[in-house]
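The values are calculated or read from the model by the stated rules, or taken from the named source; none is laboratory data. Nothing here was measured: the structure is a model prediction, and the numbers come from that model. Neighbour counts are summed over all protein chains in view; Cβ atoms, including those assigned to glycine, are modelled from backbone coordinates with ideal geometry.
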Amino acid sequence: MSQDENGGAVAPLEAPAGSSPDAPVMQGVRVIETALATLPHSPGVYRMLDAKGDALYVGKARALKKRVVAYTQIARLPERLRRMVHETRSLEVITTASEAEALLLEANLIKKLRPRYNIVLRDDKSYPWLVLTEDHPYPQITKHRGERRKGASYWGPFASAWAVNQTLTALQRVFLLRSCRDTVFDSRDRPCLLFQIRRCSAPCVERISKEDYAGLVAEAKQFLSGETPSIQKALAKEMEEAAERLEFERAAAIRDRIRGLTHVQGRDRINMEGLGDADVVALHQMAGQSCVQVFFFRGGRNNGNRPFFLSKGDQGPEEVMGAFLGQLYDDLPPPPLVLLSHTPPEQELIAEALSIKAGRKVELHRPQRGDKRAAVEHAETNAREALERKMAEGTAQEALLQGVARVFELPATPERIEVYDNSHIQGSNAYGVMVAGGPSGFLKQAYRKFSIRGDIKPGDDFAMMREVFERRFGRALKEDPERAGGSWPDLVLIDGGLGQLNAVRDLFAEMGVHDVPLVAIAKGVDRDAGREWFHQPGKPPFQLPPRDPVLYYLQRLRDEAHRFAITTHRAGRSKSLVKSELDDIPGVGSALKRKLLNHFGSARGVRNAALPDLENTPGIGPSVARKIYGHFHPGTSDG
């Protein structure tokens, strides 16, 4: 036995001399069988090595001998591991005190050695953190990568430099902490620009006392720890007291800090209030590839997200998730809670290993309902979209378009594909949309939205589709009848089935448009992505193979149209709600309405606001506030 670089016991086992070169599988099996004679029953990590000594596979075991013997049963192994055994020429083992320690060591070796037959997290980027240098009379807040140093507090990790910069800007705006280096701080004799734009309290020139600055530092720590509501209450009280003392400039400065805090709170897309420190880890698989999205939450705040791409081979999502977690937290401190989209096979063991690494309990949980489930679903959506983008970018756009021409028997490779979709709720706020794609990707400047104007029965998708196409191609016939301007499509995709296709085909016949290819794309019986049916006039419906790159491209086109339809509908619905709520208030024009919405966030917020809240709204005087309050509360006097 010899010592491994990690300090464990190592047993190098070479292939027997005289092995037949024309029987590589048996040679690999014999290497393993020879190893079994000396393998212990203790926990540990084993490494399969090729003829060059490079790692083929790294695995962990509760009992090394019992685990490794499985590799001699070739018929029971998946093809990936059979190939690995074929190439094995030596084996090394490292014993550990427990299976949890073996799991941690396995993850470390996989990241370091990158074995060919393991699921490998290829991520060389370090994570940025926020650091508060508390060994200075006026602590500095800044971003940091690399080794930690004494005399400083750290918060993170953040998913990207952008995410940490956003939080740093918020801290400057709300807590006015300095971000300059000590050398710059010591050389200042007048405030810098950050003081002028109210993002620093200028401690360098003593515009703030040490005691007051220490108070700002304490509030910043509370904010980073998730104690935002208590900070808001304290600031509101401080602003009122300053106003009562007629210190209006100080009150205005505190008001600006409250606004900044409100802005920061409203920016997060996921509300994880009360959750504290947690990571959300969600996985999506497609065509032999996996994408894992990780959202980092610290103090209930979203510190950003990062996608990780892995080649999954024949492993399912649960196995990929288990392999990913160990490697993710190899050089990252795990939080107390990790929310998962898939339950790994050894969830309890992984939780135990992460608890050892963190020095406290770490829980792995797959939520089934509520806000936590919503957060996981949001991360799953991000994982799917990131993988779709990567796959689409990885396949040449021209090849995809040639594939589209082949699938739909087009006369030439399409230069412009238009996709149409409708969106409404029981017929209200109905919109039709068109998106376009071509050799350069999505042609966003060509996107169009159509507010349905006709007297159409609510929910009549066929009539809505007819109106959209009538307006779109009626204008094209009028403005570009010779089709010389590049505005005519080479293919039209309709999000729908045979009914929508027939409605558009009949309209084209009426308009005299006979040479624009039409295709309807409809989801299968269970509405599963990947099992879409394609309809063309005069042809039987058909499906594409589930892993066909052309299918993924067509799905992306369809999903982009669906996204654009939903966002257009929501914008129109919000506009109509705002109009019905605020436009009828006497004396409230567009400028005042904008101020109200900026302050309260929605027309409902304005309606539910108390009179003092309306009176304290910036730009809204007492008389206008009484009018607004009286409009929503007719039983009261409007003054």
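Are there any pairs with C-beta distances below 8 angstrom linking a residue in region 329-354 that is in the same structural domain as residue 298 (by TED's automatic domain parsing) to a residue that is modelled with pLDDT of 95 or more and among the aromatic types (Phe, Trp, Tyr), with the two at least 6 apart or on different chains, and if so which?
Every condition considered, no pair remains.
Evaluate the following for residue 87: is it charged (D, E, K, R), over 30 Å from residue 146 (Cβ atoms) and buried (at least 18 other Cβ atoms within 10 Å of the Cβ)? Before the answer, list the steps.
Numbers: charged (D, E, K, R): yes; over 30 Å from residue 146 (Cβ atoms): yes; buried (at least 18 other Cβ atoms within 10 Å of the Cβ): yes.
Yes.
For region 326-336, give me each residue that is buried (at least 19 other Cβ atoms within 10 Å of the Cβ) and over 15 Å from residue 127 (Cα atoms).
Scanning region 326-336 gives a single hit, 326.
Please verify whether region 345-366 includes one or more residues that are at positive phi, small (Gly, Ala, Ser) and either surrounded by fewer than 18 Cβ atoms within 10 Å (Cβ to Cβ) or assigned to a strand (DSSP E or B) (or both). Talk me through it step by step, then tell me what you get.
Within region 345-366, the subset at positive phi is 359.
In the following step, the residues that additionally are small (Gly, Ala, Ser) were identified as 359.
When the remaining residues are screened for being either surrounded by fewer than 18 Cβ atoms within 10 Å (Cβ to Cβ) or assigned to a strand (DSSP E or B) (or both), the result is 359.
Yes, the conditions are met somewhere in region 345-366.
Test each condition in (1) closer than 13 Å to residue 32 by Cα; (2) surrounded by 20 or more Cβ atoms within 10 Å (Cβ to Cβ) for residue 74 and report the one that comes out false.
Result: residue 74 passes all but (2).
Is it true that residue 67 is charged (D, E, K, R), under 11 Å from residue 117 (Cβ atoms) and in contact with a Phe, Trp or Tyr (Cβ under 8 Å, 6 or more places away or on another chain)? Talk me through it step by step, then tell me what you get.
On the way: charged (D, E, K, R): yes; under 11 Å from residue 117 (Cβ atoms): no; in contact with a Phe, Trp or Tyr (Cβ under 8 Å, 6 or more places away or on another chain): yes.
No.
Sort through 102, 97 and tell me the only one that's modelled with pLDDT of 90 or more and in a loop (DSSP other than H, G, I, E, B).
Numbers: 102 fails: in a loop (DSSP other than H, G, I, E, B).
Testing whether each residue is modelled with pLDDT of 90 or more and in a loop (DSSP other than H, G, I, E, B) leaves just 97.
Could you check region 26-64 and list, in sequence order, the residues that are surrounded by fewer than 18 Cβ atoms within 10 Å (Cβ to Cβ), in a helix (DSSP H, G or I) and not hydroxyl-bearing (Ser, Thr, Tyr)?
26, 30, 33, 36
Restrict the check to region 313-320 and report whether at least one residue is under 28 Å from residue 166 (Cβ atoms), of a type in the set (Asp, Glu) and not assigned by TED's automatic domain parsing to the domain that holds residue 225. Can you show your working first?
Within region 313-320, the first condition is being under 28 Å from residue 166 (Cβ atoms), and the residues that meet it are none.
No - not one qualifying residue is present in region 313-320.
Could you check, for region 614-634, whether at least one of its residues is surrounded by 18 or more Cβ atoms within 10 Å (Cβ to Cβ) and either at pLDDT below 80 or not in a helix (DSSP H, G or I) (or both)?
yes
Are there any pairs with C-beta distances below 9 angstrom linking a residue in region 530-547 that is at pLDDT below 90 to a residue that is assigned to a strand (DSSP E or B), with the two at least 6 apart or on different chains, and if so which?
530/286; 532/521; 532/522; 547/286
Need a quick list: strands (runs of 3 or more DSSP E) entirely within region 252-332 having at least 3 residues that are modelled with pLDDT under 90.
Values: elements: 278-286, 289-298, 301-311.
Where strands (runs of 3 or more DSSP E) fall fully within region 252-332 and carry at least 3 residues being modelled with pLDDT under 90, they are 289-298, 301-311.
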